[in-house]
4 protein chains.
Amino acid sequence: MATPSESRVLDTARLESVLTEFARVRDWDQYHNPRNLILALTGEVGELAEIFQWRTDAEAATIMEGEKAEHVRQEVADVFLYLMRLAMVLGIDLDAAVRNKIELNAKKYPPKLEC
Amino acid sequence: MATPSESRVLDTARLESVLTEFARVRDWDQYHNPRNLILALTGEVGELAEIFQWRTDAEAATIMEGEKAEHVRQEVADVFLYLMRLAMVLGIDLDAAVRNKIELNAKKYPPKLEC
Amino acid sequence: MATPSESRVLDTARLESVLTEFARVRDWDQYHNPRNLILALTGEVGELAEIFQWRTDAEAATIMEGEKAEHVRQEVADVFLYLMRLAMVLGIDLDAAVRNKIELNAKKYPPKLEC
Amino acid sequence: MATPSESRVLDTARLESVLTEFARVRDWDQYHNPRNLILALTGEVGELAEIFQWRTDAEAATIMEGEKAEHVRQEVADVFLYLMRLAMVLGIDLDAAVRNKIELNAKKYPPKLEC
């Protein structure tokens, strides 16, 4: 298998363009600094955790078949959107960061199975 | 501007393929259930928060120019990787979820500026 | 100064009694297992973070003088209540744990100032 | 049963005195502002979540019988210590806030069982 570091695994160029424009026309850049965005990210992860807090693992496994599915999808999107904005304001190339981290993890945790 | 819902803003197909294989050869699928992954996500957001906890907003704004840059990049990648795995095990199409959420946000927060 | 390890710094006996009864008459003990309570704790920390996410440090410093004061008080109480329940279900003596951690911190971070 | 609002359920006076002195002799008050402490709290909740992230509910239920017990105790104490400092810098009477929140919860969630 080609190692992920050799080529992109994630294309966020169009999303970055959409989010840049979205923040610009709302005058939100003034709020989107790193610490604010980490607090916002914490808030969204908290909302995601809240959906699952009183469910068993068995109930959690089938949550997307029930009435909470759309709520889960929205919270997952919210976590991603604040993380993407954080990467953007920090000037982090998310694709490169992700490929690099997968490489590090591959060295740290060698495969257990034959492949 | 074309609304994001009309076409993809995010391409994660290759990443999903890499992560599926990564988990398979390590026999990690047994651990990657929704509640476990939300706890892991909480752990990684906590590590990100810890880097910024005693820094002022001014110090945070230039963090990528200093020695913590690589650490920040790795933690941002870790948060993203667990969120991606969560979306995968829940069967969430992250691109569609993100486009839908941007549409909802656009209605909820109309632009302040002329565009 | 006497070291905190020599005597209690925290008395939670009456609170534990109130919370035990509160959960009992609501049949909530079935939900209050460690992982559930950590997810609930994450949810409440997220709600606290959300109050502060778009505020400057200067605005945060005076938040208790404004209309959000009662909201902040309630979220701080919620975080504490889930943490207390977690300590209770894990059989942790919070007073002893806190005194021990203060002792460890005292060794790890020696005082900078004359005292 | 007497309602908790009538008398204290929590005594933190001695702890507050210890923590005030602890921060003073280390010159830490400059760092202990509300947003910093919420980020620190997020970091500690993340460390707690990390201990439990790959454990089943059954494994989590007996964690205090194993080698992670002391780690769990320390992380629970760390979460509490940053929450206490946050209450202190915000001027929140934690005992009053907790009693008030229990009263609100009692109205919101009436008991299911005879008592």
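Taking all protein chains as present, what is the carbon and sulfur share of the accessible area of chain D, in % to the nearest whole number, probe 1.4 Å? Whole-percent figure for carbon plus sulfur exposure: 49. Going 7 Å from the Cα of residue A:29 toward and past its Cβ, which residues in segment B:76-115 have a backbone nitrogen under 19 Å from where you end up? Only B:111-115 pass the distance filter. For a straight C-alpha distance cut-off of 18 angstrom, the aspartates and glutamates reachable from residue B:107 (same-chain residues fewer than eight places away being disregarded) are A:21, A:27, A:70, A:75, A:78, B:6.
For chain B, the relative contact order comes to 46 percent (Cα pairs under 8 Å, sequence separation of at least 6). Within the shell of other residues whose beta carbon sits under 11 angstrom from the beta carbon of residue B:75, the net charge comes to -2, with Lys and Arg scored +1 and Asp and Glu -1. Over segment B:1-104, all Cα pairs binned in 10 Å intervals from 0 give whole-percent P(r) values of 13, 34, 31, 21, 1, listed from short to long. In plain terms, chain A is cut at each of the GluC sites (Glu not before Pro) found in a DSSP loop with at most 16 other Cβ atoms within 10 Å, and the longest leftover piece is A:1-66. Separation of segment C:28-48 and segment D:1-77, taken as the distance between their Cα centroids, equals 14 angstrom.
A cut-off under 10 angstrom between Cβ atoms defines the neighbours of residue C:12, and their net charge, with Lys, Arg +1 and Asp, Glu -1, is -3.
Counting charges near residue C:55 (Lys, Arg +1; Asp, Glu -1) among other residues having Cβ under 12 Å from its Cβ returns a value of -1. Across the protein assembly as shown the C-alpha pair distances fall into 20 Å bins from zero in the proportions 23, 56, 20, 0 percent. Mean projection of the Cα convex hull over all viewing directions, computed for segment B:74-115: 4.4 nm². Tell me which trypsin sites (Lys or Arg not before Pro) from segment C:20-115 have a DSSP coil assignment and no more than 13 other beta carbons within 10 Å of their own. Loop-located and lightly packed - C:112. Chains A and C together bury some 1500 Å² of accessible area, summed over both sides, with a 1.4 Å probe. Bridgeable lysines around residue B:108 (alpha carbons under 23 Å apart, same-chain partners fewer than 8 residues away excluded): A:68, C:68.
The values are calculated or read from the model by the stated rules, or taken from the named source; none is laboratory data. It should be emphasised that the depicted structure is a prediction, and the values quoted were computed from it without experimental measurement. Here the Cβ is made from the backbone with ideal geometry for all residues, glycine too, and neighbour counts use every protein chain on show. We work out accessible area using only protein heavy atoms, side chains counted, and drop any ligands, DNA or RNA first. Shrake-Rupley method; radii C 1.70, N 1.55, O 1.52, S 1.80 Å.
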